[in-house]
Amino acid sequence: MGVAERYDAAVIGGGADGLAAAAMLARAGKRTILLERHETAGGRLATRQFHPGFYASPFVGDVAPIPDDLFWSLDLARHGALCAPVPAPAALWPERIVTAAGPSGEAASRRAAALAVARAPEPPPRWNPFAAPLRADWPPESWTHRSLLEVFDGPDEQAPLFAAAALEGRSADPYAAGSALHLLAPSGGGVWRGGLGGLGAALVAAATAAGAEIACGLEVSDIRCTRGRATALGLADGSEIAARAVVSTLDLKRTFLSLLAWSELPRDLVKQIGDFRIAGAGARLLVALAAPPRAPAGLLRRPLHVLPDVRRHIESHLAWRGGVLAEELPLTLRFESATDPGLAPPGAAVMGVTIAAVPHRLFDGVWTHDKRARLVAQTLGAVEQVFPGLAATVLATELVVPPDIENALGATAGDVLGGEIAPDQMFAFRPGFLRKSPYTPVDGLYLAGPSAAAAPLATCAAGAVAAEAVLADLARGKLP
């Protein structure tokens, strides 16, 4: 097939960041195409039927908030995105319940300041959520040597809940230096009508209304360069799409080691990318229940951390590093039908369980049917301790482990965060060119995926930052 008319921008990947970038570029009058290998766009913002009449989000239980200005700039409300504030989480033990007193003031202020640091240099003045005054509030060395529990200033009984909320679906030692950085990548983005798929559908509608061309069912096989500049995308069907700018929403390793001819890249660059640590640590168990557990309705609307304690996080993290499942895994429950009854038949319920410290590859080989069954039984057994009798109401389950996430989303090792959250992988301490993301060493190629600096901080932020960088370079004549 021949080369089609050239686009101003081609976006790889139809997740939240790709859709946000495509919408902003198209709204600015740029001819934009978004390529998604699946039949529908949305990425991890998905809600699917896993049992007749039962719907849940298969990849994550929640996502980080969308900055208010960006939410309204994308006009998501008009396209059906309705969100209710997420209630404060609670910790469940068989004999007691502890409810969070509220987020740490220091955590909230540091997250806002981190967003400022992650913004693109000198964006054009249409939309700028990363206001300059915040930049002075972010000390680059802060939290890189502090532990998660060191910054906690609440009652002692809430410390396990604080750690569990920060490490949902992740793996880290809450006493380790630098583990406080996990507070910069929280969930708590809200309860979306229709589950996370409702937000994904609104982003698709916003990008389409802005004039972006969304091409689903097309897989990008390679990024083609001419004289060191990204100029086109090769597709698996043999066709080619030419573009002045390419925005990749895949993670760092997928972008550079799968789509580019890495053998032609500088050796030091390949080493930087190879040394960047990416490893999934979260699994999801979707559960169809004949009836919700006997508990106050207000409790079932909260994220619920099951039997949390600091020791469990330490031991499960050590096991995860060795490719082993710990005997006790950190669990977070969301009864999604308690906030959106349309996700389950009348009288029934949907429970989504996020399981932390689950290795992508076990030390004794791949995930077999028996290994999956043991994890399901282990998880339901732990839930039974805090909701006695729940096991008898289970109609069906579906387990999604890191290899499933990798296959579905193209996320290296099933890591939806695009890299380990650690002192040497965040902001100014990141290796080489990642400090300047969304810019890359390849002219015309911009990184907007989960490995981009802004990605852990807010949903759609990395895509918005990349779009602003492309628009700025187009305005300067840097993209011929």
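The values are calculated or read from the model by the stated rules, or taken from the named source; none is laboratory data. Please read these numbers as outputs of a predicted model, since none were measured by experiment. Positions of Cβ are generated from backbone atoms using ideal geometry, with glycine treated the same way; all protein chains shown enter the neighbour counts. Please note that ligands, DNA and RNA were not included when accessible areas were found on the heavy atoms of the full protein model with its side chains. Shrake-Rupley method; radii C 1.70, N 1.55, O 1.52, S 1.80 Å.
Some notes on this structure:
- Filtered residue count, segment 142-161, keeping only those that are acidic (Asp, Glu) and either in a loop (DSSP other than H, G, I, E, B) or surrounded by 23 or more Cβ atoms within 10 Å (Cβ to Cβ) (or both): 1
- Leading residue by the ranking (farthest from PHE152 (Cα to Cα)) among those in segment 295-309 that are under 25 Å from the mean Cα position of the chain (by Cα) and open to solvent by 20 Å² or more (accessible area, probe 1.4 Å): ARG301
- Test result for PRO292, open to solvent by 60 Å² or more (accessible area, probe 1.4 Å), touching a strand residue (DSSP E or B) at 6+ places or on another chain (Cβ under 8 Å), within 30 Å of LEU380 (Cβ to Cβ) and assigned to a loop (DSSP other than H, G, I, E, B): yes
- In the set (1) farther than 20 Å from TYR175 by Cα; (2) assigned to a loop (DSSP other than H, G, I, E, B); (3) of a type in the set (A, V, I, L, M); (4) open to solvent by less than 10 Å² (accessible area, probe 1.4 Å), the condition left unmet by VAL350 is number (2).
- Whichever residue in segment 438-458 is open to solvent by 10 Å² or more (accessible area, probe 1.4 Å) and under 17 Å from the mean Cα position of the chain (by Cα) and, among such residues, is nearest to VAL11 (Cα to Cα): PRO450
- Residue within segment 67-75 that is of a type in the set (Phe, Trp, Tyr) and under 29 Å from THR332 (Cβ atoms) present: yes
- Candidate set: segment 198-246, residues that are open to solvent by less than 40 Å² (accessible area, probe 1.4 Å) and part of a loop (DSSP other than H, G, I, E, B); chosen: the one nearest to THR40 (Cα to Cα): GLY217
- Segment 29-54, residues that are in contact with a Phe, Trp or Tyr (Cβ under 6 Å, 6 or more places away or on another chain) and within 29 Å of LEU289 (Cβ to Cβ): ARG44, THR47, GLN49
- Options ALA382, ALA377, ALA413: the member that is aliphatic (A, V, I, L, M), more than 16 Å from VAL350 (Cα to Cα) and open to solvent by 20 Å² or more (accessible area, probe 1.4 Å): ALA377
- Segment 295-324 - residue that is part of a helix (DSSP H, G or I) and of a type in the set (Gly, Ala, Ser) and, of those, nearest to LEU148 (Cα to Cα): SER316
- One residue stands out among those in segment 31-57 that are out of contact with any Leu (no Cβ under 7 Å at 6 or more places or on another chain) and in a loop (DSSP other than H, G, I, E, B): the one that is surrounded by the fewest Cβ atoms within 10 Å (Cβ to Cβ), which is GLU39.
- Within segment 162-176, at least one residue is open to solvent by 20 Å² or more (accessible area, probe 1.4 Å) and not in a loop (DSSP other than H, G, I, E, B).
- Conditions (1) part of a helix (DSSP H, G or I); (2) aliphatic (A, V, I, L, M); (3) closer than 14 Å to ASP404 by Cβ: number failed by ALA377: (3)
- In segment 382-418, the residues that are within 19 Å of ALA279 (Cβ to Cβ) and either in a helix (DSSP H, G or I) or aromatic (Phe, Trp, Tyr) (or both): PRO402, PRO403, ASP404, ILE405, GLU406, ASN407, ALA408, LEU409, THR412, ALA413, GLY414
- Residues of segment 356-366 that turn out to be farther than 16 Å from ARG334 by Cα and in contact with a strand residue (DSSP E or B) (Cβ under 9 Å, 6 or more places away or on another chain), as a count: 2
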